[in-house]
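What follows is calculated from the coordinates using simple rules that are stated; it is not laboratory data. The shown structure was predicted, so the numbers you read here are calculated from the model rather than taken from an experiment. Using ideal geometry, Cβ is built from the backbone for each residue, glycine included, and neighbour counts are taken over all protein chains shown.
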Amino acid sequence: MEGIRVFVSTCTAVFFILMLVLMWIEMDLDTAFSAIAKTMNNLGPGLGEIASSFQGVSTPSKYVLTLSMLLGRLEIFSLLVLLTPRFWET
């Protein structure tokens, strides 16, 4: 149960941090929320300016969304493990 709680908490925290970064860069709440949900979780259509495509999104936002896709597709824990010093100890 502890592992599941940590996984869900980590996913939620990463989701909201990336959403806040997108809001800080250029997007409104609805567009940022749906963009992260669409890229990180591979969920349906987007809202706002990404309803049809990501063509109108700025380059820094596309980098954030690319990171979101990587975190979603490769699973968050596998990437976070690479950042821990204990993983790199021999």
Computed about the Cα centre, the charge dipole of the stretch 2-88 from +1 Lys/Arg and -1 Asp/Glu charges at the Cβ has a magnitude in debye, to the nearest 20, of 300
Farthest toward positive dipole pole in the stretch 2-88 [+1 Lys/Arg, -1 Asp/Glu at C-beta], among Leu74, Met23, Ser53: Leu74
What percent do you get for the relative contact order of the chain when only Cα pairs under 8 Å and 6+ apart count? 25
Exposure proxy check on Thr31, Thr39, Thr59, Thr66: fewest-to-most Cβ neighbours within 10 Å is Thr59, Thr66, Thr31, Thr39
Tell me, what is a quarter of the convex hull surface for the C-alpha atoms of the chain, in nm² with one decimal? 6.9
Under DSSP H, which helices of the chain have Cα atoms covering 24 Å or more of the helix axis and a Kyte-Doolittle average no less than 0.5? 2-25
Selection of GluC sites (Glu not before Pro), the stretch 13-90, meeting DSSP coil and at most 11 other Cβ within 10 Å: Glu89
